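Comments concern the structure below.
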Amino acid sequence: MFFQGVKLCRRLVKHNPLRPLERTFYDFFGAAEMPKSFVINASAAKPKLVVIFMHGLGDNGAGWMQAFEEIKNPNICYVFPNAPGIPVTLNFGMVMPAWFDIKALNFDGQEDKQGIQKAAEKTREVIKEQMQKFDLTSDKILLGGFSQGGATALYTAMTHDEKLAGVIGLSSWLPLHKLFVDQNEGHNLKKQDCAIMQYHGDNDMMVKLKYGKMTNELLKKGGAKASMKVYPGLEHSSSPQEMRDVKVFIEDLLSKI
């Protein structure tokens, strides 16, 4: 999609002091022992809200679990699924953690439609699992993610039949956007009525800001309740200020439950 060359899987950890546990595909070997998800449990047996947050390409949920430890709310359960290892075309077929294949660098390039839709179905399984586990309705589930994980969250939300609590996308984009523009195969941006919040750095050279803005404009034009915050100087990473803003958004949703 929008990544700049084979650097796409390297995390810019030096710009993100919150996430020293995050790793790249270079030390992915042995990941068969990784848990299905990392979890921060709520203090009560039944949380008021569940946040499902998906990591980026070549990563796992551990780093994001640590980042959310800094902003967690005791009434919320946080779930950080781990992507399977699959060959990624843009990185010469190397196997790495990915929600779907990346085949092209440009906005209108070839996309892994089957893989994206499979990832959305897998995400729906996680949603259903959390709903059943805690006896919650779908509007008590918030989806989010970083980069490819945020793209997966956005696509899943915008094709989900039930209303969610909200969506957060960090340094991400909406995959298969042409299907929404043309309203093909049941894709309709009015399908999801929840609040959507995007966060993006203006110095992001992997998923460029212009693609985040194009996604935001598309969502709003299509009738979605989308907003966006831009962070000067932030690269393809997160920051303490961004995470504080994520906390504010989540807790605002929680206050309305």
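Subtracting the Cα-Cα distance from 0.36 nm times the residue separation, let me have the gained length for Q114 to A45 in nm, one decimal.
That pair, Q114 and A45, stretches by 21.1 nm at full extension.
How would you order 44-51, 63-70, 163-170 from highest to lowest mean count of nearby Cβ atoms within 10 Å?
Sorting 44-51, 63-70, 163-170 by mean packing, highest first, produces 163-170, 63-70, 44-51.
Are there chymotrypsin sites (Phe, Trp or Tyr not before Pro) in region 113-174 that DSSP puts in a loop and that have at most 16 other Cβ atoms within 10 Å, and which ones?
Passing sites in region 113-174 do not exist.
Identify which of the listed values of volume of the Cα convex hull per residue in Å³ was calculated from the structure shown: (1) 124; (2) 182; (3) 111.
(3)
Of L136, A165, I116, which is farthest on the positive side of the dipole of region 115-198, counting Cα position, with +1 on Lys and Arg Cβ, -1 on Asp and Glu Cβ, and the Cα centre as origin?
I116
What FRET efficiency, computed as 1/(1 + (r/R0)^6) with R0 = 25 Å and r the Cβ-Cβ distance, is obtained for Q241 and E69, rounded to the nearest 0.05?
0.90
Please list E235, E242, E217 from largest to smallest accessible area, probe radius 1.4 Å, with all protein chains kept in place.
Greatest to least solvent exposure: E217, E235, E242.
Order the following by accessible area, largest value first: R244, R124. Probe radius 1.4 Å; ligands, DNA and RNA are ignored.
My answer, sorted largest first, is R244, R124.
Which percent of the accessible area of region 182-257 is formed by carbon and sulfur heavy atoms (probe 1.4 angstrom)?
48
The values are calculated or read from the model by the stated rules, or taken from the named source; none is laboratory data. Remember, predicted model here, so these are calculated numbers, not experimental data. Neighbour counts are summed over all protein chains in view; Cβ atoms, including those assigned to glycine, are modelled from backbone coordinates with ideal geometry. Accessible surface is based on the protein model in full, side chains and every heavy atom, while ligands, DNA and RNA are left aside. Shrake-Rupley method; radii C 1.70, N 1.55, O 1.52, S 1.80 Å.
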